[in-house]
Amino acid sequence: MFLAIRELTFARGRFALMGVVVALIAILTVLLSGLSVGLVNDGVSGLKRLPVTSLAFQHEVAKDSAFSRSVVDTSAVDTWAAQNGVAEAAPLGNTLANGRTNQGVEVDLALFGVEVGSFLDPAVAEGQRLAGEGEVVISSTAAELGISVGDTIALEPAGTPLKVVGILGEQHTFGHVDIGYLPLRSWQEVKAGVRAGDAAPERIYNEITAVAVRAADGADIDLAAGDKAAGTTSLTLEQSFGASPGYTAETSTLQLIQVFLYAISALVVGAFFTVLTVQRKQEIAVIRALGASTRYLLRDSLLQSVVLLVLSAGVGVAIGVAAGVGISATPMPFVLEAAPIAVATALLLILGVVGATVAVLRITRVDPLTALGGNR
């Protein structure tokens with residue numbers, strides 16, 4: 001008799017209203033997914049592209065602000081390089097700076113100091129790699145501001161000049177700030193605020209932010225043993241993301257919003273089908289009186305909810321992706337990726353079916369005698 005399927009076409013307005021609600025939730029899910037991925041990329045894309053296994057910071061440094069507080073002696077690099085399972089170890093410097101190009105473009109940069117020729121020295125898509133002091137290689141997103149190879153960036157307030165020699169092929173950002181790679185010695189002078197022509201204290205050339213460690217293929221590094229030998233505190237590359245400014249707060253906030261969104265979707269779908277089941281009580285009683293089993297009725301009703309959810313979510317995802325494409329063209333940190341969207345859509349469908357299942361379980365309590373006037 002397929003009562004549930006026939007209802008989808010008969011009560012089109014009722015189900016269309018529910019479909020619109022589910023579609024709106026799906027649109028919001030896609031947009032939140034794109035915003036979440038975009039914020040992560042804008043916050044730690046530079047760290048994600050570092051060819052490292054772990055980073056060794058100052059001993060007992062606060063892990064949520066390791067990049068800004070850590071000061072490590074360069075001797076720790078050799079200590080880490082001698083550890084079992086370590087393929088390479090190299091110094092890494094990090095600091096935030098702002099400046100102005102000779103073309104009048106203002107720019108904020110997260111300066112990463114690296115040894116020229118080390119495994120941290122990045123390849124470029126335009127121009128050339130670092131070759132000497134006073135040079136900088138910038139992220140592609142920084143170049144979009146109007147900076148070109150050959151421009152000079154004067155860092156404030158010391159006025160230290162950096163010549164742009166190369167542009168990276170992908171987004172490299174740290175804490176929502178574009179990254180600029182420069183030779184380690186130049187970074188140490190910038191970090192210490194040394195002005196051009198001034199004599200720099202020798203001690204600044206022994207200070208770095210962290211030791212970048214790359215494991216040999218298939219090797220597991222004993223981070224605790226390395227830290228004990230070098231007097232450092234190590235974080236895996238993934239753990240170091242939490243030390244990026246705002247990363248933990250942003251991701252936690254978006255995850256909490258997504259959890260509430262999924263819970264709301266389950267409640268909305270469950271409430272809708274609860275009301276629908278109550279309204280269909282007489283029809284269901286008639287079908288049961290004709291011999292339909294509870295299992296058949298449950299399957300029929302769940303099929304109705306699955307059809308509604310799949311169609312509505314499909315429309316919502318399509319609209320969300322179309323809207324996301326438009327948002328991606330704006331400065332907003334928004335990135336559409338298939339995997340997060342697929343996971344979010346699957347969760348929406350699963351939780352919607354769970355909510356509908358809880359609602360249609362009321363069918364098991366419908367008395368077939370109701371259809372025969374047994375309640376009179």
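Annotations
- Measure of compaction for the stretch 227-372 (Cα Rg per 2.2 N^0.38 Å): 1.59
- For the pair Glu207 and Arg100, a Förster radius of 45 Å applied to the C-beta separation gives a FRET efficiency near 0.95, rounded to the nearest 0.05.
- Reachable aspartates and glutamates from Lys281, criterion Cα separation under 13 angstrom, eight or more residues apart if same chain: Asp367
- Each stretch of four or more DSSP H residues adds -39500 (n - 2.57); spread over every residue of the chain, this sum gives -16000 deg cm²/dmol at 222 nm.
- Measuring nothing but protein heavy atoms, the accessible surface of the chain at 1.4 Å probe radius is 59 percent carbon and sulfur.
- Selection among Gly166, Leu308, Ser293 by position relative to the dipole of the chain gives Ser293 as farthest towards the positive end (Cβ unit charges, Cα centre).
- Cross-link reach list, lysines versus Lys191, counting only Cα pairs under 21 Å and skipping chain neighbours closer than eight places: Lys63, Lys163
- Reference-scaled alpha-carbon Rg (2.2 N^0.38 Å with N residues) for the stretch 27-68: 1.60
- Estimated inter-spin distance, Gln255 and Ser118, nm [label 7 Å along Cα→Cβ]: 3.1 nm
- Extended-chain gain in nm, criterion 0.36 nm per residue less alpha-carbon gap, Asp222 and Lys281: 14.7 nm
- More than 17 Å apart - percent of Cα-Cα pairs taken over the stretch 115-165: 36 percent
- Dividing the Cα radius of gyration of the stretch 176-240 by 2.2 N^0.38 Å, with N the residue count, gives 1.47.
- Theoretical FRET efficiency, 1/(1+(r/R0)^6), r = Cβ-Cβ of Ala82 and Glu144, R0 45 Å, to 0.05: 0.60
- Using bins of 5 Å that start at zero, the share of Cα-Cα pairs per bin across the stretch 66-184 amounts to 2, 12, 21, 23, 19, 11, 7, 3, 1, 0, in whole %.
- Convex hull (Cα only) mean projected area of the stretch 125-265, reported in nm² to one decimal: 13.3 nm²
- Accessible area per residue for the chain, computed on protein heavy atoms with a 1.4 Å probe, is 48 Å².
- Per-q log10 I(q)/I(0), the chain, q = 0.07, 0.09, 0.12, 0.15 Å⁻¹ (Debye; single scatterer per alpha-carbon; no solvent): -0.49, -0.66, -0.90, -1.20
- Kyte-Doolittle mean at least -1.0, axial Cα span of 24 Å or more - DSSP H helices of the chain: 12-48, 247-279, 294-328, 338-360
- Principal axis extents of the Cα atoms in the stretch 84-133, from largest to smallest and rounded to whole angstrom, are 49, 24, 18.
- Per-pair calculated FRET efficiency, R0 = 22 Å: Val358 and Leu290 via Cβ, rounded to 0.05: 0.25
- The label point for Ala346 and the one for Ile319, both projected 7 Å from the Cα toward the Cβ, are 2.5 nm apart.
- Only one residue of Val358, Pro122, Val136 has its Cα farthest out toward the positive end of the dipole of the chain, where Lys and Arg carry +1 and Asp and Glu -1 on Cβ, and that residue is Val358.
- Three-way shape call for the stretch 1-138 based on the alpha-carbon gyration tensor, with the a/c threshold at 1.5: prolate
- Modelled this way, with points 7 Å down the Cα-to-C-beta line, the labels at Asp108 and Glu60 are 3.3 nm from one another.
The values are calculated or read from the model by the stated rules, or taken from the named source; none is laboratory data. Please read these numbers as outputs of a predicted model, since none were measured by experiment. We place every Cβ from the backbone using ideal geometry, glycine too, and count neighbours over all the protein chains shown. In case anyone asks, the SASA skips ligands and DNA or RNA and just uses the protein heavy atoms, side chains included. Shrake-Rupley method; radii C 1.70, N 1.55, O 1.52, S 1.80 Å.
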